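Notes for the one structure printed next.
Throughout, read-outs are computed from the coordinates displayed, never taken from laboratory work. Since the model is a prediction, treat every value here as computed from it, not as a measurement. Backbone-built Cβ (ideal geometry, glycine too); neighbour counts: all protein chains shown.
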């Protein structure tokens, strides 16, 4: 077993002490899920926006649709960020957008070899694209889980749960569900380890930049445009699955567009367009 390096709390707190995101670092060696203490911090009026919960290991980390996020101790980056006023966008869809874009930026800064190879898979996955002769080979390197609390139709807070596969070896990566891109890590993609402390710093800085922009930009602005431009899903044949009452709806077609509200538009073989606010997407080959 290779030795693992723990996150450098002293460096994290020194660099992020006066930043919008990360000025409070709530560190844990092991957690069931980082979202639980993040929710408590968000509910605490004495804790300002931008607190970050981070764990070396999660025993019951959650992904979308009830899936689990598995990673061995001190190999992945597992964190949850609390956003409260003044960092809450009027458009709830921007929470997922800024989280995904911040992961993209952080990965490309921490590992410049990845510039142009990091993309988003609708709705909340981050991919590394391997360019192979005559085809692309996407692998899932990160995922985002968004929770929000509303009162009287007004958002009280948002939680941005982010998991990044960093230094896992091939045998340490989890199996994926059928039709999903295989799990990859920065180590398997780059052939070298990446400093998780550096990566968390870059992630917090990127989240801070986007969080400020999300409340100052117009209702439809550069955030939506950049998010759309980074969607690897667009222009590709897909199957979208979503719950519909007691049944499951499946729509096959081509992902032709994404709206500023974060919805995916799929055109089926008959030319009809379907709009999805949520769902599970697989690429068809």
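The figures follow:
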{"quantity": "The stretch 162-229 - percent relative contact order, Cα under 8 Å, separation 6 or more", "calculated": "23"}
{"quantity": "Kirkwood-based Rg to Rh ratio, the stretch 237-283, C-alpha trace", "calculated": "0.95"}
{"quantity": "C-alpha center-to-center spacing [the stretch 91-111, the stretch 153-188] in angstrom", "calculated": "13"}
{"quantity": "Fraction of antiparallel bridges per DSSP, the stretch 237-283 only, in percent to nearest 5", "calculated": "100"}
{"quantity": "Order of 97, 155, 35 - criterion: other Cβ atoms within 10 Å of each residue's Cβ, fewest first", "calculated": "155, 35, 97"}
{"quantity": "Per-q log10 I(q)/I(0), the chain, q = 0.07, 0.08, 0.09, 0.11 Å⁻¹ (Debye; single scatterer per alpha-carbon; no solvent)", "calculated": "-0.24, -0.32, -0.41, -0.62"}
{"quantity": "Inter-site label distance for residue 13 and residue 136 at 7 Å from Cα along Cβ, in nm", "calculated": "4.3"}
{"quantity": "Where labels lie 7 Å past Cα in the beta-carbon direction, separation of residue 115 and residue 171 in nm", "calculated": "3.6"}
{"quantity": "Extension gain (nm, one decimal) between residue 195 and residue 47, 0.36 nm per residue minus Cα-Cα", "calculated": "50.5 nm"}
{"quantity": "Modelled FRET efficiency - R0 22 Å, residue 59 with residue 3, Cβ distances, 0.05 increments", "calculated": "0.50"}
{"quantity": "Mean separation of Cα contacts under 8 Å (6+ apart) over length of the stretch 237-283, as relative contact order %", "calculated": "37"}
{"quantity": "Sorted by Cβ neighbour density within 10 Å, fewest at the top, the residues 157, 27, 210", "calculated": "27, 157, 210"}
{"quantity": "The chain: relative contact order as a whole-number percent, Cα under 8 Å and 6+ apart", "calculated": "17"}
{"quantity": "From the C-alpha gyration tensor of the stretch 187-285, square roots of 5λ in Å", "calculated": "31, 20, 13"}
{"quantity": "Residue order, fewest to most surrounding Cβ atoms within 10 angstrom, among 3, 263", "calculated": "3, 263"}
